[in-house]
Every structure is written in structure tokens, then in C-alpha cells.
Amino acid sequence: MTARRVSAVDAVTEALARVARLDGTLNAVVALRADEALAEAEALDRALDAGAPTGRLAGVPVLVKDLEDLRGMPTRKGSLLLADAPPAAADGLVPARLRAEGAIPIGKTALPEFAIEGHTANLLTGVTRNPWSPRHSPGGSSGGSAVAVASGMVPVATATDGGGSIRIPASFCGLVGIKPTRGLVGRSPVPDWIDLSTDGPFATTVADLRLLLDVEAGAVPGDPEAAPGTGIRGGTVAAPVPSVVHLAHRTSDLGPLPDDVAAHFDRVARDVVGLLATRFDVITPGTLFQDGDPDLDWFTLAAAEHVSSLGRAWVEAGLDRMHPSSQEFLGYGLSVGVDAYLAARRRRFGYTAVVDRLLGEDGVLVTPTVAVAHVEADGRLTPEDEVAWLPARAYSTALQNITGHPAVTLPAGLLDGVPFGLQVTGPRYSDAWLLDIAARWEEAFPWPRVAPGYTEFRL
């Protein structure tokens, strides 16, 4: 990604052409800044020709999830209620850090309203489709960004993760993605889901993922949990392979996995154990946590905090104009009392202690990234369903947001034509080590860089 094979103008021009050619059926891009991007590319080319220092992403066209501010563009968050939002006065944290390395934003990508769902469909910009299987969803909430990368529109698109929003679309779109340790990427501004959310990347290769995480990582003033320093921290993990691999269909007792998901996971889990040549054990769902359920407490915390962030009166006044998923989620948030909210916050400490002890200094937990094979493009689990929000049993990613542990999702084959992701969770601040494991997986079990019928964006 760092070698200058083409000019910045050529790279941005190609990205804009690909969006124009591909996005009509996928609906991943919600707004473009073509003239501004081309002007910035011309300025960058002039600077590079004059011998100016080269950032690690110099001339790389990027798309920005429409949850994050991008200077001069509105941040509409997939909501009719924000259709007339004013242009942002400044870049958000990750867009600013990408720009500082020479990247050139060309526009913004789709998400479910307020980033609430694990699929990408909203009443403002419509339904976003998976390039691997257009009748299915790319996942969410960073679904538009994942589609843009998996279809080769751009080499980089931003993502956030408050309950799986990096890992779910990476899984369904055949990408490798990481939810970093809480605090590795500083939080600014305060997320809607205060302690749950983080920025982070997905990519077509582990090398690109490592580079992007290193660019995004670093503390910010005001974040009480931000890790000191900049870049990826290796933590204390020294072992070349995990001392133990813990395998689990689920970490919470939300019912059995669908038969096809369980069978596929069991096959690829054996590949993980064989690759790492280490001991393993199997965890029965429902046996890890004795006091509460982190998946269910996630809903309590996230819903209540989102109502507080948006404003109770604003939510109540606009609820009937929101997507059904938002109505369900924020309607529940309106009902959460202070005692229930604080009890869930307190239980987070217990959940974190359980995972800390389980993983120790060098263990990993391996689960499916998503607990279903696929989701209809509009968010229904099956065409027969009448509602377009995903039930709790479809998810397998909230635990790591509750506890703050890093988790990487690895492409691991297909189910009914949709990519399947394998989620590997490690000790806190083992992010670099998890990427080492991901690189070993990529070498042993390489995956397609883009969906069939699409062309990788090469610089």
C-alpha cells in the first residue's frame, strides 16, 4: 500500500470510476466529494514531485463511515432525522489520522440508522447488498465500508465497533478485521456507547490490517482508558503460539447454533488447533458466566447510553420516524432505569475477570464471528420473517466490547455463498500477537482478496 506506482490523481480517479460503475447495485456509498478529492490529489502529487515527505498512505483513496465526521460533509448516521445535518467543521479522529498519512477521503459509506444494527439498511439511503451474494446483507454496522473494500471500490474504508460492527461485516464480506483492545485507539468524541465502542480497521490482507491499526492507534486527551504511546502495542504476550485454544459455539446461552454454522465452525476450529499445534478445550455455552449474561447486559448498557447521547426528548419526539430496529432498540433504552443500568455496569467487572482468567497471558478463545450463516439484505434472518431487526441469538461479538479484549475475525470459507468468519479473542493488549496469528492463518488458508466478479484495488 505504500509504494508509489501511480499518481494520487490516478488513484482517486480510479476509485471514483469504480464507485460509479459498481455502487448502483450494492448501494454502499451515500455521498461523494469528487472535486475536493481530486484537488487534494493534485496538491499531493505536486508536493511529492517536489520531494516532500511521504506518508504511509500517500494518495490512497478512502471512504469514511457516515458515523464519523468528515470536514465539509454532513454526518447523517443513516437517519431521516439527520437528513439536513450541517457539514462537519473538522475531521473525526480516524479520518484525521488517515489524512495525516496522506490518504484522500472521497466520500462516505452506508450504515444502519445510528449504527445500531448488525445489518446495513435504513430509511434514508435504503438497503446495502453483499457483493458475494446480493440477496444477503454485508452485515453492520460498518456494512457500506466493508462492501466498498470487498468489491474493490477503494483499498481502505473506515469502521467502528461497539458490539461487532467491524467484525460482523468483515465476516460476511470475506475480510480480515480487528476490534482493538479498548483504549488502543483513543476515543474522541465520547462514543454513544461510552465504554463499548472503538474505532478499528478491516482489510483484504493482514499486512494492510496491521498498517491501518498502527495508523489509527494512539491516545487522545480526555480518554481515561487510552493506552499510552502511539501505534500498536505488543503487550506482554511472548509465546509464538497460544498455550491453549478455548473453543466455544457461543459464550452466552442463547440457544444452539444453526446446524450448518455449527458443523462449519467445528471443521475450521480443527484447522486452527492443527495450525497452532497446541492443546485445546471446549467451553459449553452458558458455563462461563455465573452472575448475569454479558450479551444481554450489552443491550441494557448500549440502549440506555444511546438514549442519553441523543437526548431523551429528541428520541421520544422522533421515534415514529426511525427504522424499526431503532424503534426497538431505543424504545428499550427509554425504559432502562438507573438501577438496572448501574447493575449491568457493575457486572462488567465480573465478566472481564472471567475472560482475563480464562485467557491468562497467552490463551485464545475461538468462536464463530456471527452465529448465523447469513442475513437477508433488509435485515431479516429469513425471507419469511416479518421484522427487520436481528435477534440476540444471531450475534457472537458483544462480549469483547463488554470486557475490552481484542478480537480478530479471519475469513474461513463459505456458507451458502456467503463468507464465514472465525473470531479469535486474545488477552488485552495482545493486538499485535493476534495479527501474528492472523498472518499464520492467511499463509495456511489464503482467501480471495475481493468477491467473485470484482477486481482488487491495487496501488
Quiz item: How many angstrom separate the Cα center of segment 395-416 from the Cα center of segment 269-324?
Solution: 11
Exercise. Would you mind getting the accessible area per residue of the chain, heavy atoms of the protein chains only, 1.4 Å probe, in Å²?
Key: 37
Exercise. Treat segment 223-354 as a sphere of radius equal to its Kirkwood radius over Cα pairs and apply Stokes-Einstein at 25 °C in a medium of 0.890 mPa s; give the translational diffusion coefficient in µm²/s, rounded to a whole number.
Key: 133
Practice problem: Report relative contact order for the chain in percent, whole number only (criteria: Cα-Cα under 8 Å, sequence separation at least 6). | Solution: 18
Quiz item: When the accessible area of the chain is split by element with a 1.4 Å probe, what percent falls to carbon and sulfur?
Solution: 54
Quiz item: With helices defined as uninterrupted DSSP H runs, which ones in the chain have an alpha carbon span along their own long axis of at least 30 Å and mean Kyte-Doolittle hydropathy of at least -0.5?
Solution: 338-359
Quiz prompt | Loop-resident sites, segment 22-102, for GluC sites (Glu not before Pro), counting at most 16 other Cβ within 10 Å (DSSP) | solution = none
Practice problem: Of the DSSP beta bridges with both residues in segment 165-303, give the percent that are antiparallel, rounding to the nearest 5. | Solution: 35
Exercise. Note down the net charge around Gly78, summing +1 for each Lys or Arg and -1 for each Asp or Glu among other residues with Cβ under 12 Å from its Cβ.
Key: +1
Quiz item: Using the Kirkwood formula over every pair of different C-alpha atoms, what hydrodynamic radius in Å results for the chain?
Solution: 21.8
Practice problem: For an R0 of 35 angstrom, estimate the FRET efficiency from the Cβ-Cβ distance between Leu296 and Ala20 and round to the nearest 0.05. | Solution: 0.20
Quiz item: Considering only DSSP beta bridges with both partners in the chain, what is the antiparallel share in %, to the nearest 5?
Solution: 60
Quiz item: In nm, what is the difference between 0.36 nm times the number of residues separating Val241 and Ala52 and their Cα-Cα distance?
Solution: 63.9 nm
Quiz item: Based on the Kirkwood radius over alpha-carbon pairs, what value in µm²/s does the Stokes-Einstein equation return for the translational diffusion coefficient of segment 71-141 at 4 °C and 1.567 mPa s?
Solution: 97
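The values are calculated or read from the model by the stated rules, or taken from the named source; none is laboratory data. Owing to the predicted nature of the structure, the values given are computational and were not obtained by experimental measurement. All Cβ positions, glycine included, derive from the backbone under ideal geometry; neighbour counts span all protein chains shown. The accessibility values were calculated without ligands, DNA or RNA, using every heavy atom of the protein model including side chains. Shrake-Rupley method; radii C 1.70, N 1.55, O 1.52, S 1.80 Å.
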